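Undergrad: Mind looking over this structure? Questions follow.
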Amino acid sequence: QVAAALKEGRVTPTELCQRCLSLIKSTKFLNAYITVAEETALKQAEASEERYKKGQPLGVLDGIPIAVKDNFNTAGIETTCASNMLRGYISPYNATVVQKLLDQGAVLLGKTNLDEFAMGSGSTDGVFGPVRNPWSYSRQYKEKSVPKSHSEDKEPDWVITGGSSGGSAAAVSSFTCFAALGSDTGGSTRNPAAHCGVVGLKPTYGLISRHGLIPLVNSMDVPGILTRCVDDAAVVLGSLAGHDPKDSTTIQDNFKPFELPNLTDVSKLSIGIPKEYHAPGLSSEILTIWSKAADLFENAGAKVVEVSLPHTRYSIVCYHVLCTAEVASNMARFDGLEYGHRSDMNESTESMYAATRREGFNDVVRGRILSGNYFLLKQNYEKYFIKAQKVRRLIANDFVKVFRSGVDVLLTPTTLSDAAPYMEFIKEDNRTRSAQDDILTQAANMAGLPAINVPTALSERGLPVGLQFIGRSFQEQQLLTVAKWFEKQVQFPMIQLEEVKKHDHGVFLHQKSASFS
């Protein structure tokens, strides 16, 4: 809709960019952005305006303000991974996905906050501080939250965004941009999307290039897409997907962008409900919403079947072994020699390495490096790493069998509960939290399958709850078509951001009409 507004001249790219930038300033308390590239963004918006005047926009994304998670390389703009290790690092090149967005004329507003090196599920562990969930300031949440003290001015506890792409999810949710890039290794795009009430798409492994995404787990990392509706996710996917000579794991075939049809008849669909996703710790509220969603499909004529993915219960342990092993390998590049932080310790090369890594990495990153190296020791390699690879194959085969049985799409919860208050969330350590929060999402990464979070309902606390659809490999069109139908049925309510209205009334209202007119 905003692309149409730009085309018809109802709003100019520069106006749109300025409105987003002033909204970023007025929502600074959310801590969604690490770097705001105001000057660059306004230049890009001006260039876009010229193209529109000549009637030659580069595509549907021309002039659209976007944000990018701060673990994608961006030429001329700092890339920190929310770590002291890369603070001040400016990459000489753009990640392929960033370049593709810029080639389409998108306006890059800035880089968003995350857990350090994307290791976490709360966006609370980065060196720039935690991200606050915009829903903490929504009318919906405030009405349901009774402050613990009786004084009127006491704010209810703010809640986390989920992670690790919490900055991107918060940016989209608070209207400061129209789409954002995240990364998804074990659920890092879908988890914050669920907590922030936005759409989060993790495409099939190999559909989108990883070149320029600072790696966490090479065999599972996928650039993720965060938008406010399913159609927008399809548009962004269309500009990003396809072969990249710089990434040998991308598909060889050409990708044809698609428009999503309006599905009216779901009677030919078969929706699988995996019984193993009724996991320990799943809140009764989410279970009810999941059941209602299954009923919704059934009542509309779809075939809803219970299916089994028997190796799901081993997946989180298996994920942990593989994840830390690859992390240990990937983090070896940060040694203080080529780029990033370098310690002043100069007694010897070894002491400089050690001091650099001690000063540059937080406890979470160091802990995962230690675990990974332990699993990769000669005496443990077979016992842990090779065994985990075999279990991963079994998990992938479970999905293959279910899809061969005629199931089109799987429907599962995305998270075990709605967003936790920050003070509650930090009581547990990162590893415990990540193990709980990734339980429903990481199997799709291990199998390389496409999955999407669709905001579904508000919890009793007035916070978003999302459900996840998992599709067949490279069948994004089918997955997104089903997700779009579901999105239309549930009519998820729009966030009512009191705080944003208070800060900048005019901007907020324009944003609302531009994106949801």
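The values are calculated or read from the model by the stated rules, or taken from the named source; none is laboratory data. These numbers come from a predicted model, not from an experiment. So basically every Cβ, Gly included, is an ideal-geometry build from the backbone, and we count neighbours across all protein chains shown. Heads up: the accessible areas ignore ligands, DNA and RNA and are worked out on the full protein's heavy atoms, side chains in. Shrake-Rupley method; radii C 1.70, N 1.55, O 1.52, S 1.80 Å.
Undergrad: Evaluate the Debye formula for region 88-223 with equal point scatterers sitting on the alpha carbons, no solvent, and hand back log10 of I(q)/I(0) at q = 0.10, 0.12, 0.20 Å⁻¹, in q order, two decimals.
TA: -0.37, -0.51, -1.20
Undergrad: Would you pull out the residues with amide H under 5 Å of residue 159's amide H, same chain only if 5 or more places away, H placed 1.01 Å from N?
TA: 133, 136, 422
Undergrad: Would you kindly derive the ³J(HN,Hα) couplings of region 171-183 from the backbone phi angles with the Karplus curve 6.51 cos²θ - 1.76 cosθ + 1.60 (θ = phi - 60°), listing them in order in whole Hz, with x for Gly and Pro?
TA: 4, 6, 5, 8, 6, 7, 8, 9, 7, 9, 9, x, 10
Undergrad: While we're looking at this one, here's another question. Would you mind listing how long region 1-116 runs along its three principal axes, going by Cα atoms, in whole Å with the largest first?
TA: So the three principal-axis extents are 45, 30, 21 Å.
Undergrad: Could you tell me the calculated FRET efficiency between residue 90 and residue 347, based on Cβ-Cβ distance and R0 = 30 angstrom, to the nearest 0.05?
TA: After rounding, the FRET efficiency stands at 0.50.
Undergrad: Normalising by the residue count of the chain, find the relative contact order in percent from Cα pairs under 8 Å and 6+ residues apart.
TA: Result for the chain is 18 percent.
Undergrad: Considering only DSSP beta bridges with both partners in the chain, what is the antiparallel share in %, to the nearest 5?
TA: If we restrict to bridges inside the chain, about 70 percent are antiparallel.
Undergrad: Which whole-Hz couplings ³J(HN,Hα) result when phi for each residue of region 377-390 is put into the Karplus expression 6.51 cos²θ - 1.76 cosθ + 1.60, θ = phi - 60°, listed in order with x for Gly and Pro?
TA: Rounded to whole hertz, the list is 4, 3, 6, 10, 3, 5, 5, 10, 5, 5, 4, 4, 5, 5.
Undergrad: A follow-up question, please. Filter the trypsin sites (Lys or Arg not before Pro) in region 1-76 down to the DSSP loop ones having no more than 11 other Cβ atoms within 10 Å, then list what survives.
TA: Here the sparse-neighbourhood loop sites are 54.
Undergrad: Next question. Can you give the calculated 222 nm mean residue ellipticity of the chain, where each DSSP H run of n ≥ 4 adds -39,500 (n - 2.57) and the sum is split over every residue, rounded to the nearest 500 deg cm²/dmol?
TA: My calculation for the chain gives -12000 deg cm²/dmol from helical runs alone.
Undergrad: If you don't mind, there's one more thing I want to ask. If you take all C-alpha pairs in region 151-287, what percent of them are over 23 Å apart?
TA: When all Cα pairs of region 151-287 are counted, 48 percent exceed 23 Å.
Undergrad: What are the ³J(HN,Hα) values, in whole Hz, obtained from phi via the Karplus relation 6.51 cos²θ - 1.76 cosθ + 1.60 with θ = phi - 60°, for each residue of region 210-222 in sequence order, with x given for Gly and Pro?
TA: 9, 4, x, 8, 5, x, 10, 10, 3, 7, 10, 4, 9
Undergrad: Another question, if that's okay. Determine the sum of side-chain charges near residue 221: Lys and Arg each +1, Asp and Glu each -1, restricted to other residues whose C-beta is under 11 angstrom from that of residue 221.
TA: Around residue 221, the surrounding residues sum to -1.
Undergrad: Related question: With just the Cα atoms defining each centre, how far is region 216-267 from region 377-426? Give it in Å.
TA: Here the two parts' Cα centres lie 21 Å apart.
Undergrad: Sticking with this structure for a sec: Kindly state, to the nearest 0.05, the FRET efficiency for residue 103 paired with residue 143, given R0 = 51 Å and r defined as their beta-carbon distance.
TA: Efficiency for this residue pair is about 0.70.
Undergrad: With a point put 7 Å past each Cα toward its Cβ, work out how far residue 11 is from residue 288 in nm, to one decimal.
TA: If labels sit at residue 11 and residue 288, their model points lie 3.7 nm apart.
Undergrad: Of all the stretches in the chain, which is the longest one without any exposed loop site, taking GluC sites (Glu not before Pro) in a DSSP loop (any state but H, G, I, E, B) with at most 10 other Cβ atoms within 10 Å?
TA: Of all site-free stretches, the longest is 9-151.
Undergrad: Tell me the trypsin sites (Lys or Arg not before Pro) within region 188-264 that lie in a loop according to DSSP and have at most 15 other beta-carbon atoms within 10 Å.
TA: Sparse-neighbourhood loop trypsin sites (Lys or Arg not before Pro): 246.
Undergrad: Taking square-rooted eigenvalues a ≥ b ≥ c of the alpha carbon gyration tensor, is region 436-486 rounded, prolate or oblate, where a/c under 1.5 means rounded and, failing that, a/b exceeding b/c means prolate?
TA: It comes out oblate by the Cα gyration axes.
Undergrad: Sticking with this one: Counting only residues 5 or more places away or on other chains, whose amide H sits under 5 Å from the amide H of residue 112 once H atoms are built in the peptide plane?
TA: Amide H to amide H, under 5 Å and 5 or more residues apart or across chains, residue 112 pairs with 34, 68, 69, 70.
Undergrad: Of the listed values (i) 38.9; (ii) 34.4; (iii) 24.2, grab the one calculated as mean projected area of the Cα convex hull in nm² from the structure here.
TA: Entry (iii).
Undergrad: In nm, to one decimal, how far is the modelled label at residue 275 from the one at residue 394, with both set 7 Å along Cα→Cβ?
TA: Roughly 1.8 nm, to one decimal.
Undergrad: Which value, in Å² and to the nearest 10, is the accessible area of residue 485 when all protein chains are kept and the probe is 1.4 Å?
TA: Approximately 20 Å² for this residue.
Undergrad: Grab the beta carbon distance between residue 382 and residue 262, set R0 = 56 Å, and tell me the FRET efficiency rounded to 0.05.
TA: The computed FRET efficiency comes out at 0.60.
Undergrad: Right, another one. Can you give the local net charge around residue 341? Use residues other than it whose beta-carbon is closer than 11 angstrom to its beta-carbon, Lys and Arg +1, Asp and Glu -1.
TA: Residues close to residue 341 contribute a combined charge of +1.
Undergrad: Give me, ordered by chain and number, the residues 5 or more places off residue 188 or on other chains with an amide H under 5 Å from its own placed amide H.
TA: 164
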